[in-house]
Amino acid sequence: MAAMLLNTMRSGSPSWAVRLAARSLSTTSPLQAQVQTKSKKTLARPGMKNIVLVEGVRTPFLLSGTTYADLMPHDLARAALQGLLHKTGLPKDAVDYIIYGTVIQEVKTSNVAREAALGAGFSDKIPAHTVTMACISSNQAMTSAVGLIAAGQCDSVVAGGVEFMSDVPIRHSRKMRKTMLSLSKAKTLGQRLNLIGSIRMAHLSPELPAVAEFSTAETMGHSADRLAAAFGVTRLEQDEFAVRSHTLAKQAQDAGLLEDVISFKVPGRDIVSKDNGIRVSSMEQMGKLKAAFIKPHGTVTAANSSFLTDGASAVLVMSEEKALAMGYKPKAYLRDFVYVSQDPKDQLLLGPTYGTPKVLERAGLSMSDIDVFEFHEAFAGQIMANLKAMDSDWFGQTYLGRKSKVGAPPMEKFNLWGGSLSLGHPFGATGCRLVTTVAHRLKKEGGQYGLVAACAAGGQGHAMVIEAYPQ
């Protein structure tokens with residue numbers, strides 16, 4: 001695919017890079033911009049339940065190895081759940097089910113949903129389970145909640161996600177694990193001594209976790225660098241987008257727009273109230289960083305990539321009827337959603353490009369109907385590659401089976417409060433942040449429809465349409 005893309009870009013005029021460069025990445029006044037929307041019909045369907053987002057919260061997202069370093073994943077998940085309870089006044093026995101997403105599981109709390117729910121004080125009669133789908137794990141938790149409510153199994157579900165990169169499981173080598181298991185079964189001193197004597201220095205080398213594809217053995221950063229090259233995304237474009245993300249996040253933070261963030265008293269430490277990964281840098285500073293993955297000529301750096309993050313999120317999802325009966329004013333309707341999968345080698349991070357047209361078709365909408373876009377920013381190069389793919393007739397015809405391009409989101413509607421590059425990306429928790437942000441932006445900007453899209457490991461992706469709740 002990469003060769004085909006490069007050949008097409010060389011022959012095309014103007015290039016995708018030039019066309020996208022003409023699109024504004026301005027950060028001057030997006031917080032004041034009001035989306036001008038015409039009157040649109042609701043996406044409610046006869047005979048189908050309206051399912052609503054009542055509330056969404058998250059802990060501050062922190063750089064791994066900082067203030068949360070001595071905690072465990074369930075501590076963060078518990079804090080998010082307690083924050084949700086506090087913000088909503090929800091009775092602890094008024095939930096039918098709890099679902100959490102996570103990626104790198106702590107072996108002591110493999111069903112982190114259950115442990116966090118019990119720790120937060122929810123009734124022990126409420127079932128809870130944990131899902132994993134890489135960076136869209138909490139998206140899967142939310143849509144599982146939607147499915148339970150739509151099927152009539154539940155009226156009220158809490159969904160969320162957590163990731164804790166400050167302490168990840170590091171395993172012994174396989175030979176060492178086999179030896180240790182055999183030792184636990186040895187019945188005589190002689191058997192134990194023989195097994196101990198078989199241990200070699202090489203057996204002591206640990207197996208470190210990596211953000212890499214099992215099927216291709218390629219790290220995600222390496223794949224992002226190749227994807228950026230295939231779509232002609234320059235280092236300058238990536239650095240400009242990263243600066244934009246951090247600048248908008250800082251503006252949103254200073255303006256008090258990140259109202260989903262709850263304060264959290266870290267045991268033995270201070271109260272944390274803000275994300276700590278926002279760094280507004282100059283283009284000159286960005287340009288000094290070296291390639292992080294494909295050295296020395298790659299374009300993906302530490303500064304134009306999302307960083308390893310600790311954090312948790314939680315949302316309260318209900319049937320509209322149940323929410324109103326309990327006296328809640330919902331934030332938004334959760335409407336159509338899709339999951340997509342494609343080649344994990346050359347199209348690992350193109351989930352938004354594949355998911356967006358499918359979810360719009362399901363909802364009967366077009367790109368011009370969407371007032372708010374929130375895409376997961378794994379890498380600046382990944383975002384720019386998706387925007388170029390969506391803005392390409394050739395890609396739409398060749399890979400999406402369309403007559404023409406999907407169309408790229410207008411930058412004046414796109415990730416206006418920062419994104420994963422700046423706010424942080426706890427793998428299992430980002431999906432809930434995206435959906436809650438769309439709900440808050442729709443209310444703030446006067447829009448009706450929002451679209452969430454995200455890529456994930458394995459070449460998978462997710463897209464969802466959110467509709468503003470009438471004010």
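Amide H contacts of Met133 (H built 1.01 Å from N, in plane; Pro and chain starts excluded): Thr102 sit under 5 Å, all sequence-distant by 5 or more or on other chains. When the listed pairs Lys41/Lys274; Lys329/Lys413; Lys331/Lys405; Lys87/Lys358; Lys250/Lys388 are checked against a 28 Å cut-off, the alpha-carbon distance exceeds it for Lys41/Lys274; Lys331/Lys405; Lys87/Lys358.
Taken one residue at a time, the phi angles of the range 330-342 give Karplus couplings (6.51, -1.76, 1.60, θ = phi - 60°) of x, 8, 6, 8, 8, 9, 5, 8, 9, 10, 10, 9, 8 Hz. Gly and Pro are set to x.
With protein chains left intact and a 1.4 Å probe, residues in the chain average 42 Å² of accessible area per residue. Karplus-based coupling profile of the range 183-198, in residue order and whole Hz: 4, 5, 9, 4, 9, 10, 4, x, 4, 5, 5, 4, 5, 5, x, 7, with θ = phi - 60° in 6.51 cos²θ - 1.76 cosθ + 1.60 and x standing for Gly or Pro. Beta bridges assigned by DSSP with both partners in the chain are antiparallel in approximately 70 percent of cases. Note on the chain: semi-axes of the ellipsoid equivalent to its C-alpha gyration tensor, largest first and rounded to whole Å, are 35, 31, 21.
When each of the peptides 205-213, 356-364 is scored by the mean number of other C-beta atoms lying within 10 Å of its residues, the order from highest to lowest reads 356-364, 205-213.
Summarised as an ellipsoid, the range 93-163 has semi-axes of 19, 16, 7 Å, derived from the eigenvalues of the Cα gyration tensor scaled by 5 and square-rooted, with the largest first. Take the Cα of Gln397, step 7 Å toward its Cβ, do the same at Lys295, and the gap between the two points is 4.3 nm. Take each peptide in 169-175, 448-454, count the other Cβ atoms within 10 Å of every residue, and average; sorted highest first, the result is 448-454, 169-175.
Only DSSP H runs of four or more residues enter the estimate; each adds -39500 (n - 2.57), and after division by the residues of the chain the mean residue ellipticity at 222 nm equals -10500 deg cm²/dmol. Within the same chain, aspartates and glutamates fewer than 8 places from Lys185 are excluded, and of the rest, none has a Cα less than 20 Å from its Cα. Here the dipole of the chain is about 840 debye; that uses its Cα centre as origin and unit charges on the Cβ of Lys and Arg (positive) and Asp and Glu (negative).
Computed over protein heavy atoms with a 1.4 angstrom probe, the accessible surface ordering of Ser64, Ser341, largest first, is Ser341, Ser64.
Surface composition of the chain: carbon plus sulfur atoms hold 54% of the accessible area, using a 1.4 angstrom probe and ignoring ligands, DNA and RNA. When Rg and Dmax are taken over the Cα atoms of the range 249-318, they come to 16.6, 51 Å. With the cut-off at under 18 Å, measuring from each backbone N in the range 407-422 to a point 7 Å along the Cα-to-Cβ line of Asp254 picks out 416-419, 422.
For the peptides 321-327, 198-204, 457-463, 101-107, residues were scored by their other Cβ atoms within 10 Å and the scores averaged per peptide; the highest-first order is 457-463, 101-107, 321-327, 198-204.
The values are calculated or read from the model by the stated rules, or taken from the named source; none is laboratory data. Just so it is clear, the structure is predicted and the values come from calculations on it, not from any experiment. Virtual Cβ from ideal backbone geometry, glycine too; neighbours counted across all protein chains shown. Remember, those area values only see protein heavy atoms, side chains included, never the ligands or the DNA or RNA. Shrake-Rupley method; radii C 1.70, N 1.55, O 1.52, S 1.80 Å.
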